[in-house]
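Worksheet: the structure to be examined is printed underneath.
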Amino acid sequence: PTAVIWFRDDLRLRDHPALQAAARAGFAPLPVYIHAPHEDGGWAPGATSNAWRHRSLAALDASLRQRGSRLHVFAGDSLATLQAIAAVTGAGAVYWSRRHEPAAARRDEAVRRALRAQRLRADAWNASLLFEPWQLETRAGDPFRVFTPFWNAARRAWSPQAPYPAPDALPEFDRLPGETALDALGLAPDIPWDASFWAHWTPGEAGADAALQAFIEHGLHDYRDGRDRPDRPLTSRLSPHLHFGEIAPWRIVDAVAHAGPVEERAAFVRELAWREFGVHVLHHFPQTPDANFNPRFDDFPWAAPDPALLAAWQRGRTGVPIVDAGLREMRATGWMHNRVRMVVASFLTKHLRLHWLHGARWFWDHLVDADLANNTLGWQWVAGTGVDAAPYFRIFNPVLQARKFDPAGEYIARWVPELRGLPAKARHAPWEVPSGSRPTGLYPARPIVDLAEGRASALEALKRIRVPV
Ligand code: FAD
């Protein structure tokens, strides 16, 4: 008998619980991908995410072909497509890996019920997390709203999971009615605006492995301090691989457990736990991608969006070098360093006083690791509106951040070529430099908002919230 393996954000063959379950039950696995962005609610994947997905699906198809199988690709409604496949193949089961985005989770539940009503085995497994989002709870049985107790509970509950190999050989299936080609899904850009990305990334399971190995060799030993330095490549850059499920988080934990000093390892696993916390929060508070977690901010006086200011931020033309460097890094590579994500988000929501959703949407379209749980957590954290958030009155000074975390201005020079000719120390705040040695090109002579004034007006706005935060 056949089991349809419905691939979504679990694009790998190793450590794949649904595949393992099919093998254990003696099913012949039929690998299927269904393109259905209309089922993702208001957060259908953005263009950058699609560009990655195209390559990751191609990599999955290639490794299936090496084993005698291939990926059967469809576009349309998920349930109708799965029902049609089951009808044609006589499949006895449909297996998949759980997703926790609210729209996808609702859709999956409807699919499960409908398939079970037809007497098919329809089951889902955890492929993306160390803990299911409902597994950890406070002593009172509530969801966690603060990270540190969540992390403590996670450490207490942790039990290692053994890595599981990919199957050696897989059966071949004939072409099914309605099948289409991966290239026909329109995931890859028509105009290759993503051309500069792929020197930095290799989507797919092998690329994820290589990123993990490179991190263990070059980054892990200095992760605690190094993770805050955008000028030094010391973080793992595993985020897109994790988002697309090209590697299991438990394989990452297992690999670092045998490498590097204990404090460095612990600091890294703690960041993986932030990712778990993000999914926990999204599961329990599914409104948060679109609404403040903290309702006191519902009457916060955000500035009316000024298209010119927003565009200056989006394009990396604010005149604040570290902010511009970050936004340009994202446009050129699909990724931005975490420290700089915090700085650009603070600048948008505080100095420009624009609603965090403007930033969350821009990130959503431009990150290869765009992830509803982590993006929502990150934006609401910086904006001060979220769970366990930095208070709104804590406003990053982008010049001090740059001096501290990019001391020689190397990161700035890499992404803002107009500032390369300045002495290192002058790159952090070029408007302070004597007029003889100013930026070249059309770089703004001054920041689009005076930093002291922007800060003062953000703090003033905070006082206008009716119920103080
Ligand atoms: P590493 O430092 O090597 O960390 C390892 C892994 O831990 C990451 O791959 C990631 O999965 C997880 N992780 C690390 N930091 C965080 C964090 N602060 N929150 C949650 N998980 C974390 N991350 C995304 O994956 N997708 C997003 O859409 C996203 N949007 C963000 C938006 C804002 C405003 C902010 C401040 C952060 C956002 N992050 C997001 C979190 C973080 O910036 C990235 O996960 C990290 O930069 C990825 O780089 P890395 O893989 O080298 O991280």
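For ALA311 and ALA110, compute 0.36 nm times the residue count separating them, minus their Cα-Cα distance, and round to one decimal in nm.
68.3 nm
What shape does the stretch 284-346 have by the C-alpha gyration tensor, where a ≥ b ≥ c are the square roots of the eigenvalues, rounded means a/c under 1.5, and otherwise prolate means a/b greater than b/c and oblate the rest?
Since a/c reaches 1.5 but b/c is at least a/b, the shape of the stretch 284-346 is classed as oblate.
Semi-axes of the equivalent ellipsoid for the stretch 1-154, please: Cα gyration tensor eigenvalues, times 5, square-rooted, ordered largest first, whole Å.
Semi-axis lengths for the stretch 1-154 are 28, 19, 17 Å.
How do GLU217, GLU329, GLU39 rank when sorted from fewest to most other Cβ atoms within 10 Å of their own Cβ?
Final ranking by Cβ density, sparse to dense: GLU217, GLU39, GLU329.
Work out the charge dipole of the stretch 25-155 with +1 on the Cβ of Lys and Arg and -1 on the Cβ of Asp and Glu about the Cα centre, then indicate which of SER63, SER49, PRO133 is farthest towards its positive end.
Positive-most Cα among the choices belongs to SER63.
Quick one: which residues, 5+ away or cross-chain, put their amide H under 5 Å from the amide H of HIS337? H built at 1.01 Å from N.
So HIS337 has HN proximity to no qualifying residue.
Could you list TRP379, TRP364, TRP158 in order of exposure, starting from the residue whose Cβ has the fewest other Cβ atoms within 10 Å?
TRP158, TRP364, TRP379
Short version: ³J(HN,Hα) in whole Hz for each residue of the stretch 389-395, in order, from phi by Karplus 6.51 cos²θ - 1.76 cosθ + 1.60 (θ = phi - 60°), x for Gly and Pro, what are they?
7, 5, x, 4, 5, 7, 10
For the chain, find the longest principal axis of its Cα atoms and tell me its angle to the long axis of helix 356-366, 0 to 90°, nearest 10.
The two axes meet at around 60 degrees.
Which of the trypsin sites (Lys or Arg not before Pro) across the stretch 69-174 are loop residues per DSSP, with 14 or fewer other Cβ within 10 Å?
The qualifying sites are ARG119, ARG139.
Find out how many positive minus negative residues lie around GLY409, taking Lys and Arg as positive, Asp and Glu as negative, among other residues whose Cβ is under 10 Å from that of GLY409.
Around GLY409, the surrounding residues sum to +2.
Please give the Cα centre distance for the stretch 198-255 versus the stretch 5-59, rounded to the nearest Å.
Rounded to whole Å, the Cα centres lie 21 Å apart.
Percent of Cα-Cα pairs per 10 Å bin, from 0 to the last occupied bin, for the stretch 212-292, please list those.
Reading the bins upward from 0: 17, 45, 26, 11, 0.
Where does the charge balance sit around LEU459 when Lys and Arg score +1, Asp and Glu -1, over other residues with C-beta under 13 Å from its C-beta?
+4
Give me ASP306, ASP388 sorted ascending by neighbouring Cβ count inside 10 Å, so fewest comes first.
Placing the least packed residue first, the sequence is ASP306, ASP388.
What's the whole-number percent of alpha carbon pairs in the stretch 295-463 lying beyond 24 angstrom?
In whole percent, the share of Cα-Cα pairs in the stretch 295-463 beyond 24 Å is 32.
Can you list the lysines whose alpha carbon is less than 17 Å from that of LYS404, not counting same-chain residues fewer than 8 positions off?
LYS425
Averaging over every viewing direction, what projected area does the convex hull of the Cα atoms of the chain cover, in nm²?
Convex hull of Cα atoms, orientation-averaged projection: 23.4 nm².
About its Cα centre, how strong a charge dipole does the chain have in debye, to the nearest 20, once Lys and Arg get +1 and Asp and Glu get -1 at the Cβ?
About 820 debye.
Under a point spin-label approximation (7 Å from Cα along Cα-to-Cβ), what is the ASP254-ASP290 distance to one decimal in nm?
4.0
From the phi angles alone, apply the Karplus equation (6.51, -1.76, 1.60; θ = phi - 60°) to the stretch 65-76 and give each ³J(HN,Hα) in whole Hz, x where the residue is Gly or Pro.
Coupling constants for the stretch 65-76: 5, 4, 9, x, 10, 6, 8, 8, 10, 9, 9, x Hz.
Which trypsin sites (Lys or Arg not before Pro) from the stretch 399-469 combine a DSSP loop assignment with at most 10 other Cβ atoms within 10 Å?
Sites meeting the loop and neighbour criteria: ARG464, ARG466.
Need the list of aspartates and glutamates near LYS463 for cross-linking: C-alpha distance under 17 angstrom, and skip anything on the same chain fewer than eight residues off.
Leaving aside aspartates and glutamates fewer than 8 places away in the same chain, those within reach of LYS463 are ASP298, ASP299, GLU453.
Which value, in debye to the nearest 20, gives the size of the charge dipole of the stretch 295-463 about its Cα centre, when Lys and Arg are +1 and Asp and Glu are -1 at the Cβ?
440
Order 177-184, 232-239 from most to least packed using the mean count of other Cβ atoms within 10 Å.
For the peptides 177-184, 232-239, the packing ranking is 232-239, 177-184.
Relative contact order, percent, of the chain when contacts are C-alpha pairs under 8 Å separated by at least 6 residues?
Across the chain, relative contact order equals 17 percent.
For a Förster distance of 25 Å, can you work out the FRET efficiency between the beta-carbons of LEU442 and GLU410, rounded to the nearest 0.05?
So, using R0 = 25 Å, E works out to roughly 0.65.
Every read-out reported here was derived from the displayed coordinates using simple, explicitly stated rules and does not represent laboratory data. The structure displayed is predicted, hence computed values, not measured ones. Ideal geometry is used to build each Cβ from the backbone, glycine not excepted, and the neighbour counts take in all protein chains shown.
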